[in-house]
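Contents: one structure, followed by commentary.
Coordinate-derived values only; no laboratory data. The shown structure was predicted, so the numbers you read here are calculated from the model rather than taken from an experiment. Here Cβ is always computed from backbone atoms with ideal geometry, including for glycine, and neighbour counts include all displayed protein chains.
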């Protein structure tokens, strides 16, 4: 392979990125259509379970199990944080670090490092179209 110049590398990178974005758009559109069709079938199966008073159906094609799925969220984060502190209920939160806030905290407090904190920094490139 011969030496490629920077312009050729940038053109190739943009072409590949564009191709990936097009593939992603096509996939997302097709996936959305299938999800909509699945939702229609799911509603029919839920209705069938309701009508028959069962939480499961067995067929030669597969088994259907009806379960209750519950989601929780808050519309008042200040109250939620106070509630968690007051009840020592930190397990109610997911364990992940907010990347931007941690970066800002460490920049503002260079002498403070949380125990067990891992940091991975590496160079990256950004290619913009002309």
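Hey, can you tell me all the residues within the stretch 81-92 that are on the phi < 0 side of the Ramachandran plot, assigned to a loop (DSSP other than H, G, I, E, B) and surrounded by fewer than 10 Cβ atoms within 10 Å (Cβ to Cβ)?
Initial filter on the stretch 81-92 (on the phi < 0 side of the Ramachandran plot): 81-87, 89-92.
Adding the requirement that they be assigned to a loop (DSSP other than H, G, I, E, B) leaves 87, 89.
Matches in the stretch 81-92: 87 only.
Does residue 126 satisfy being assigned to a loop (DSSP other than H, G, I, E, B), over 30 Å from residue 41 (Cβ atoms), in contact with a helix residue (DSSP H, G or I) (Cβ under 8 Å, 6 or more places away or on another chain) and free of Cβ contacts under 8 Å to residues at least 12 places away in the same chain? Can you show your working first?
Values: assigned to a loop (DSSP other than H, G, I, E, B): yes; over 30 Å from residue 41 (Cβ atoms): yes; in contact with a helix residue (DSSP H, G or I) (Cβ under 8 Å, 6 or more places away or on another chain): no; free of Cβ contacts under 8 Å to residues at least 12 places away in the same chain: yes.
Judged against the criteria, residue 126 is not a match.
Does the stretch 46-66 contain any residue that is outside any loop (DSSP other than H, G, I, E, B), surrounded by 10 or more Cβ atoms within 10 Å (Cβ to Cβ) and touching a residue at least 60 places away in the same chain (Cβ under 8 Å)?
Looking through the stretch 46-66, none of the residues is outside any loop (DSSP other than H, G, I, E, B), surrounded by 10 or more Cβ atoms within 10 Å (Cβ to Cβ) and touching a residue at least 60 places away in the same chain (Cβ under 8 Å).
Any idea how many residues of the stretch 93-107 are exposed (fewer than 10 other Cβ atoms within 10 Å of the Cβ) and part of a helix (DSSP H, G or I)?
Going through the stretch 93-107, the residues exposed (fewer than 10 other Cβ atoms within 10 Å of the Cβ) turn out to be 94-96, 98-101, 107.
Then drop every residue that is not part of a helix (DSSP H, G or I), which leaves 99-101, 107.
Selection size over the stretch 93-107: 4.
Would you check which residues across the stretch 68-79 are out of contact with any helix residue (DSSP H, G or I) (no Cβ under 8 Å at 6 or more places or on another chain) and surrounded by 10 or more Cβ atoms within 10 Å (Cβ to Cβ) and list them?
As a first pass, look at the stretch 68-79 and keep what is out of contact with any helix residue (DSSP H, G or I) (no Cβ under 8 Å at 6 or more places or on another chain): 68-73, 75-79.
Within the stretch 68-79, 79 is the sole residue that qualifies.
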